[in-house]
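The values are calculated or read from the model by the stated rules, or taken from the named source; none is laboratory data. In this text, all values refer to a predicted model and were calculated from it rather than measured experimentally. Glycine gets a Cβ as well: all are built from the backbone with ideal geometry, and neighbour counts include every protein chain shown. Ligands, DNA and RNA are excluded from the accessible area calculation, which covers all protein heavy atoms including side chains. Shrake-Rupley method; radii C 1.70, N 1.55, O 1.52, S 1.80 Å.
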Amino acid sequence: MAIESESPRQWTVKADTLPAGSDHAVADAVNEAIRAAILRLVGNREADFGAYTGPVYFMMHGVHNEGRARELAAALHAALYGDLEPLARAVPSGP
């Protein structure tokens, strides 16, 4: 997991499952939950169009502040290790 500053008001959130090793498997349901959350962020304009939605590499450009980028990175990390609760809190599925 990583965040990078694109500019003072734009951040990128990245996650790559390859460094976790070949014995680390991410369930299809987890990949779908992450993909859906990223698409909600794009739809809400919290991330730029063109985000990578996995299943091996995830990236969101255009996150508007560092705190939100850190929150999303932590939620993504937890999700990739099977805990979807932080992702559900960070990116609720409701209206």
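Of note:
- The set of residues from the stretch 41-64 being over 15 Å from S5 (Cα atoms) and small (G, A, S) comprises G43, G50, A51, G54.
- Residue match in the stretch 5-16 (condition: closer than 17 Å to L80 by Cα, open to solvent by 80 Å² or more (accessible area, probe 1.4 Å) and at pLDDT below 95): no
- All of (1) without any contact (Cβ under 8 Å) to a residue 40 or more places away in the chain; (2) over 10 Å from the mean Cα position of the chain (by Cα); (3) open to solvent by 50 Å² or more (accessible area, probe 1.4 Å) hold for Y52 with one exception: (2).
- Flag for E71 being farther than 17 Å from P86 by Cβ and among the acidic types (D, E): no
- Matching entry among G82, G67 (being surrounded by fewer than 18 Cβ atoms within 10 Å (Cβ to Cβ) and under 18 Å from S5 (Cβ atoms)): G67
- Listed by first and then second residue, the pairs linking a residue in the stretch 60-88 that is farther than 15 Å from A29 by Cβ and of a type in the set (D, E) to a residue that is open to solvent by less than 70 Å² (accessible area, probe 1.4 Å) and outside any helix (DSSP H, G or I), with Cβ atoms under 8 Å apart and 6 or more places separating them unless they lie on different chains, are E66/I3; E66/W11.
- Residue within the stretch 17-31 that is open to solvent by less than 40 Å² (accessible area, probe 1.4 Å) and at pLDDT 95 or above present: no
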